[in-house]
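The values are calculated or read from the model by the stated rules, or taken from the named source; none is laboratory data. Fair warning: this is a prediction, and the values are worked out from it, not measured in the lab. Using ideal geometry, Cβ is built from the backbone for each residue, glycine included, and neighbour counts are taken over all protein chains shown. Note: areas computed on protein heavy atoms with side chains; ligands, DNA, RNA excluded. Shrake-Rupley method; radii C 1.70, N 1.55, O 1.52, S 1.80 Å.
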Amino acid sequence: MIYLDYTANTPTSPDVLERFCEITNKFPGNANSTHQAGRAALELQNKITESIALMLNAEPEEIIYTSGATESNNLAVKGIARSERHFGKHIITTPLEHPSVSAPLTALQEAGYEIDMVNIDRSGKVDLEHFRSLLRNDTVLFTVCAVDSELGTIQPVHEIKNILNDFPACRLHIDATQAIGKIPVDFGVADTMSFAPHKFGGLTGSGILLKKKELIIEPLINGGPSTNIFRSGTPTTALNGACETALKLALENREKNSEYVGKLNSVLREKLSCYPKVVINSPEDAIPHILNISVDSVKGSVFQQKLSEEGVCVSVKTACSTDSLPSRAVFAVSRNRKNALSSWRISLSHLTTENEIDEFLKIFDFCYKELTT
Ligand code: PMP
């Protein structure tokens, strides 16, 4: 099997698994318990939080542990909207957002919030002039992904923040799920920022929402105390320790890994562009880990299934969305419904080998000929 879907999930790194097992075995206590075992777990939990905060340029109280980026995004979007509802109910977003952002926004819309979609230019970036024109005095939130999961476009978050300086009541939520470990990420510009370690060698079922300490949001989950009042539940110390290890490895190796992945991406771009029916949808300056392409007149799901039969795993849109509709992200950059319906995504990691790329290209060639002639 050739796995080229690292944007959906990554294999857990052995160091991460070891850390998880070690904590699980050595720290059986609940970090909220007031006996010896609980105190030991709490001490470790606090150390983990301090270390994660340090790596992300945040403060320990700004870390909220969740079950994944979906929960982090829901908590940020709904939490901000609900706590700011007396001030305003206007929210701005982009067509590039993952369903874990767009679906809570739809739910908010049904509850009476007004949602505006900012235009995306041909290179996949937020149209800053249009963004400025949409902002109002009652705009309470702009939610944007630092890197989108379908095209790999990098958004100009600093320019966005500069514009927002004129609208201090509008909060900025950044979905950094596809950015951490791939590009430098600055929590400084955001009010809230989400990610999940399973995208960079960590475990599924674990996520983080960074939230500026002065910002009050309405929790989604109410219950007993945890590490932070904004998300209840027994502290997941082993998962959080595993997240710390994954984050450390991802940040330490970010540049080296990205450089290597960049070389693989260049080979793919060069070879795939030789096919007359191939359209490369990812912009040139997208992260190298994501390459979105269309094969003209072949539905993306059909090409993906053919590749899957031949042992290659790629994906159509994100793993979390239905594949019968055209990709909203690809449509936003190409303005072509047919092209958006034909799109699919190859995603790479430092674990991808040059051999796998060669093999993939051979299999692609076979599938292309089968499906286009
Ligand atoms: N945001 C983005 C940009 C993603 O790519 C994903 C995962 N595909 C998510 C959020 C949701 O992450 P999780 O699976 O951890 O809930």
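For this structure, a couple of remarks:
- Relative contact order (percent, whole number), region 14-252, Cα cutoff 8 Å, 6+ residue spacing: 28 percent
- Counting only Cβ charges, +1 for Lys and Arg and -1 for Asp and Glu, the dipole size of the chain around its Cα centre is about 500 debye.
- Per-residue packing, averaged as other Cβ atoms within 10 Å, sorts the ranges 137-145, 218-226 into the order 137-145, 218-226, beginning with the highest.
- Potential lengthening between LYS271 and ILE216 on full extension [0.36 nm per residue; Cα-Cα distance subtracted]: 14.8 nm
- Distance from region 29-71 to region 327-373 (C-alpha centre basis), Å: 40 Å
- Cα centroid separation, region 277-310 to region 96-116: 27 Å.
- Reach of LYS125 by Cα under 17 Å, taken over lysines that are not fewer than 8 positions away in the same chain: LYS161
- Dipole of the chain, positive direction: furthest Cα of THR237, THR10, CYS145, with charges on the beta-carbon: CYS145
- Accessible surface, 1.4 Å probe, highest first, among residues MET193, MET55, MET1: MET1, MET55, MET193
- Each peptide in 284-291, 359-366, 77-84 was scored by the mean count of other Cβ atoms within 10 Å over its residues; highest first, the order is 77-84, 284-291, 359-366.
- One chain, two ends: GLN305 and GLU359. Fully extended at 0.36 nm per residue, the span grows by 17.7 nm beyond their Cα-Cα distance.
- Taking a straight Cα-Cα cut-off under 16 Å and skipping sequence neighbours fewer than 8 places away in the same chain, the aspartates and glutamates within cross-link reach of LYS211 are GLU50, GLU59, GLU61, GLU62, GLU71, GLU84, ASP175, ASP186, ASP191.
- Per residue solvent-accessible surface (Å²) - region 14-252, probe of 1.4 Å: 41 Å²
- Among the listed pairs LYS199/LYS277; LYS199/LYS256; LYS317/LYS338; LYS89/LYS317; LYS182/LYS263, those with a Cα-Cα distance over 20 Å are LYS199/LYS277; LYS89/LYS317.
- For the chain, the mean residue ellipticity at 222 nm estimated from helices alone is -12500 deg cm²/dmol, where every DSSP H run of n ≥ 4 contributes -39500 (n - 2.57) and the total is divided by all residues, rounded to the nearest 500.
- Taking a ≥ b ≥ c as the square roots of the eigenvalues of the Cα gyration tensor, the chain is oblate, since a/c reaches 1.5 or more and a/b is not larger than b/c.
- Translational D in µm²/s for region 252-373 (Stokes-Einstein at 20 °C, 1.002 mPa s, Kirkwood Rh from C-alpha pairs): 146 µm²/s
- Fraction of beta bridges assigned by DSSP in the chain that are antiparallel (%, nearest 5): 55 percent
- Highest mean packing comes first when the peptides 107-113, 125-131, 203-209 are listed by Cβ atoms within 10 Å, giving 203-209, 125-131, 107-113.
- For LYS248, a cut-off of 12 angstrom between C-alpha atoms picks up these aspartates and glutamates, skipping any fewer than 8 places away in its own chain: ASP15.
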